[in-house]
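Here's the structure we're looking at; comments come further down.
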Amino acid sequence: MNQFSGKFITFEGGEGSGKSTQIKMLLNAMHEAGMEAIRTREPGGSEGAEEIRNLILLGDKNKWDGETEALLFFAARRDHLVRTIWPALKAGVWVVSDRYVDCTRVYQGYGREGDKEGIETLYRFIAGDFESDLTFVLDIPSEVGLGRVMARTQDNWTPDSINRFEKQELEFHKRVREGYLDLARKNPHRFAVIDASKDIESVQAEICKVLRERLGAPLT
Ligand SMILES: Nc1ncnc2c1ncn2[C@@H]1O[C@H](COP(=O)(O)OP(=O)(O)OP(=O)(O)O)[C@@H](O)[C@H]1O
Ligand SMILES: [Mg+2]
């Protein structure tokens, strides 16, 4: 558990696993239950971090090498922590983030098969021993998630829709999925793996159940 009175919940999982959909519903449920909660996202979540987000996500998929990209993520993350996450947690607010450091661990460490220890060192430099109180991994076969993204893109296309990561090959996405499951196996107290191939309501019900049982959230 972190040292603050608010709780820090993060959502992880591959493209199209339903993170944004579930977080939106969860925030509604939390507010209805009278909980003080905010929703944020990475990369981004503060003014400076949103600027760095655009550097990371837009453009050619080989624009940055792995190390440069990792440093950009950690620069954005530090700003997000200092300006958004820590102040809210200190004030007793629950913070729900659409991705956090586990996505760097997994995309860089497993997807790109990069330096896992180097990533931990960078994380300790910006965050000390701070971690999420609970991280949901929305687990889904990569093909299904990518299929959802394609369907969403056709309905509602924006230039940000097809970002660099969605252009990566399927093998990369499979390594990402395995990476999340590996982290969850190694850190069972911090992680909850949810079967995200079920319908939207069932996934939401499972998330609320885990939050009630593990963090005492007053959700129905
Ligand atoms: N359980 C579900 N069953 C079927 N479709 C779903 C489910 N959850 C979400 N979707 C749909 O799949 C698409 C992707 O969902 P969403 O945007 O929430 O995923 P995401 O994990 O946030 O994706 P990204 O990684 O691209 O941000 C959306 O069109 C959404 O409506
Ligand atoms: Mg999303």
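The values are calculated or read from the model by the stated rules, or taken from the named source; none is laboratory data. Computed from a predicted structure; not experimentally measured. These accessible areas exclude ligands, DNA and RNA; they are computed on the full protein's heavy atoms, side chains included. Shrake-Rupley method; radii C 1.70, N 1.55, O 1.52, S 1.80 Å.
Descriptive notes on the structure:
- Mean shadow area of region 32-145, taken as a quarter of the surface of its Cα convex hull (nm²): 8.5
- Exposure rank, largest accessible area first [T220, T84, T21; 1.4 Å]: T220, T21, T84
- Note: relative contact order over region 8-215, using C-alpha pairs below 8 Å and six or more positions apart, is 32 percent.
- Region 1-57 - convex hull of the alpha-carbon atoms, volume per residue in Å³: 118
- Of V82, V137, V106, the one that fluctuates the most in a GNM where the chain has Cα springs shorter than 10 Å: V82
- For the chain, the fraction of alpha-carbon pairs in successive 5 Å shells from zero, as %: 1, 7, 14, 20, 22, 18, 12, 5, 1, 0
- Using just its DSSP H runs of length 4 or more, each adding -39500 (n - 2.57), the chain gives a mean residue ellipticity at 222 nm of -15500 deg cm²/dmol after division by all residues.
- Region 65-110 shape via C-alpha gyration tensor axes, a/c threshold 1.5: oblate
- Long-range amide H partners of S97 with built H, under 5 Å: I9, T10, F11, T40
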